[in-house]
Amino acid sequence: MSRPAFSEGILVAIIISLAVTVIFTVMSAFFPTRWLLQFMIAGVSFSYVVYLLVRSTEKVGRLTVVASWASVAILTWLFSPSIIVTLFVHIGLIWLVRALYFYTSLLVAFLDLGLTLFAMAAAIWTLSYTNSLFLGVWCFFLLQSLFVLLPADLSTNNSSKKSMFLGGRKNTTEGLKKDPFEQAHQSAQAALRQLAAQR
């Protein structure tokens, strides 16, 4: 399965934003805000992690990732001192899963971490400025969808260019070198010419 497209990321951002807004609006009348926010952060994090695992081409370790996510989520639920800490933990889990399943370069993984932190800052600013939960969540996941523009490995392009350069050079040098059969054929012709000259 290929990596998700940017348009798919926009659709995912809209779906998650709508779901979060509707659930929070309906359930806030029945549950305490802190408990509801913790539940929704964990639910959105799990949904997005599952989405990443489904869209990844890697098949190894998925059950381990889900089990690890569940363990960290439970510990965060029990011992997190604030909603902000819970939010950072779950966003860190999203970044970790993406770094493990979509990149082979540590540098690209750190670029993705920068993108994630920027998305979180933009979402918090949007939420505080507009007081709209929908826009805050949508802004975060919209910026998250830009991860598809990051290459799996920065050295891939350089190595391909290098291999193309070396390949062209190799082909040139191979063009200068003669094929062994061609060399044998020319040696045989030279030997025949020498025999003919001796006659």
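When segment 33-62 is limited to residues that are at pLDDT below 90 and of a type in the set (Ser, Thr, Tyr), the one that is surrounded by the most Cβ atoms within 10 Å (Cβ to Cβ) turns out to be 56.
Among the residues of segment 104-153, the one identified as touching a residue at least 24 places away in the same chain (Cβ under 8 Å), surrounded by fewer than 16 Cβ atoms within 10 Å (Cβ to Cβ) and among the aromatic types (Phe, Trp, Tyr) is 118. For residue 193, state whether it is modelled with pLDDT under 60 and either in contact with a Lys or Arg (Cβ under 7 Å, 6 or more places away or on another chain) or among the charged types (D, E, K, R) (or both). Answer is no for this residue.
Would you confirm, using the coordinates I've provided, whether residue 66 is surrounded by 14 or more Cβ atoms within 10 Å (Cβ to Cβ), within 19 Å of the chain's Cα centre (by Cα) and either closer than 19 Å to residue 96 by Cβ or at pLDDT 90 or above (or both)? Yes. Among the residues making up segment 100-131, those that are among the β-branched types (Val, Ile, Thr), part of a helix (DSSP H, G or I) and under 12 Å from the mean Cα position of the chain (by Cα) are 108, 116. Checking each residue in segment 1-54 for being in contact with a Lys or Arg (Cβ under 7 Å, 6 or more places away or on another chain) and closer than 22 Å to residue 67 by Cβ picks out 52, 53. Of the helices (runs of 4 or more DSSP H) lying entirely inside segment 1-84, the ones with 3 or more residues being under 19 Å from residue 138 (Cα atoms) and in contact (Cβ under 8 Å) with a residue 24 or more places away in the chain are found at 6-27, 33-55.
Comparison of 7, 45, 68, 82 shows that the only residue that is of a type in the set (Gly, Ala, Ser) and touching a helix residue (DSSP H, G or I) at 6+ places or on another chain (Cβ under 6 Å) is 45.
The values are calculated or read from the model by the stated rules, or taken from the named source; none is laboratory data. Note that this is a predicted model, so its numbers are computed, not measured. Because the Cβ atoms are built from the backbone with ideal geometry, glycine has one as well, and the counts that use them run over all protein chains shown.
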